[in-house]
Amino acid sequence: MKERNLLQYLIITLKGLAMGAADAVPGVSGGTIAFISGIYEELINSISNINLSLFKTLKNDGIKAFWKQANGNFVLALLTGIIISFISFMRLAKYLIEYHPILIWSFFFGLIVVSIYFVGKQITKWNALTVIALIIGAGLAYYITSLPALAANTNPYYLLFAGAVAICAMILPGISGSFILVIMGAYKTLSDAFHDFDLKKITLFATGALIGLLSFSRVLKWLFKNYHNTTLALLTGFILGSLNKVWPWKKTVTVMVDETGEIVPFNTISDLGTLAVYQKNIHNFESFKTVTEESILPIKYSELNHYIDPQTMIAIALMVTGFLTIFILEKIATKNK
């Protein structure tokens, strides 16, 4: 593993902060940040090295050898940033998504657009297989982002399963673990658990996440070792397809009422606009099982919302800010290789 000084580990912690903030937003993947900042493959290798031989090293050779084999300094520095950011930013993200959805999505849209280029340029050889992998990745991610969000599942043990599934998405560039939680109906339950410091629910989620992480990281490590370019193309496709989710201007199309299964056309109350606004205006949102949205242009958003300002210029400025943020991260990653 790489030898680093204190400043380099501090930079890794800052990258962890960025990853945690991204994973707290339903639609953005912390794996994308890891990839752009140049630590993705080291992260996957470090996670996949957690196995029985690691604990044999602890028993036979002591803590120092164990810590070195586990790449402990790297993992600790990164996890510190991720945990601090995820717990603190989840509250902020919840507020921004409810009250300023266009602004937060605009920033992450710019961030993800430039990510496509930086991940894609790491593909050293393009052929039919890499192109197919790119198309499959984009199509799969787009399909996932178009799935309706389920109503909240309040069963605490459901978080165990949700954690295992969501963590696989969190370490994949382009596929948002938080959005997977939304689709599974677990995001609200988890965000409430963090807000209320419900240790039982948080522990169940963390246990599921650990199980999923240790299993899936080995699959990714094998793919990178044996099909490096194809895997990169697939991940680039994931990021490309995820743009649908983070497009700032949305129209809620339909809802499904839980008690009757009735599909309700949303154009009868389209002035409520996005799902976040809809949730604030409907007192008994839990009675609705699913909601579907579609991406629209800013002018259409304005028309649907009685010509409320779609904040187009501010949104573009935030897209540029997100775009430039990745350039800064990429420059830091290149400098520290």
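The values are calculated or read from the model by the stated rules, or taken from the named source; none is laboratory data. Remember, it's a predicted structure, so these values are computed and weren't measured experimentally. Neighbour counts run over all protein chains shown; Cβ positions are idealised from the backbone, glycine included. Keep in mind that these areas ignore ligands, DNA and RNA; they rest on the heavy atoms of the full protein, side chains included. Shrake-Rupley method; radii C 1.70, N 1.55, O 1.52, S 1.80 Å.
Brief remarks on what is shown
- Calculated FRET value between E98 and T207, using beta carbons and R₀ = 35 Å, to 0.05: 0.75
- Segment 1-92, accessible surface, carbon-and-sulfur percent (1.4 angstrom probe): 68
- Where labels lie 7 Å past Cα in the beta-carbon direction, separation of S88 and K300 in nm: 3.9
- Counting only protein heavy atoms and a 1.4 Å probe, segment 1-53 has 36 square angstrom of accessible area per residue.
- The orientation-averaged projection of the convex hull spanning the C-alpha atoms of segment 1-97 amounts to 6.8 square nanometres.
- Across K15/K201; K59/K221; K94/K188, pairs whose alpha-carbon gap is larger than 19 Å: K15/K201; K59/K221
- Extension reserve of the Q122-L7 stretch, reckoned as 0.36 nm per residue once the Cα distance is removed: 38.8 nm
- Per-residue HN-Hα couplings for segment 205-217 [Karplus 6.51, -1.76, 1.60; θ = phi - 60°; Hz; x = Gly/Pro]: 4, 5, 5, x, 5, 5, 4, x, 5, 5, 6, 6, 4
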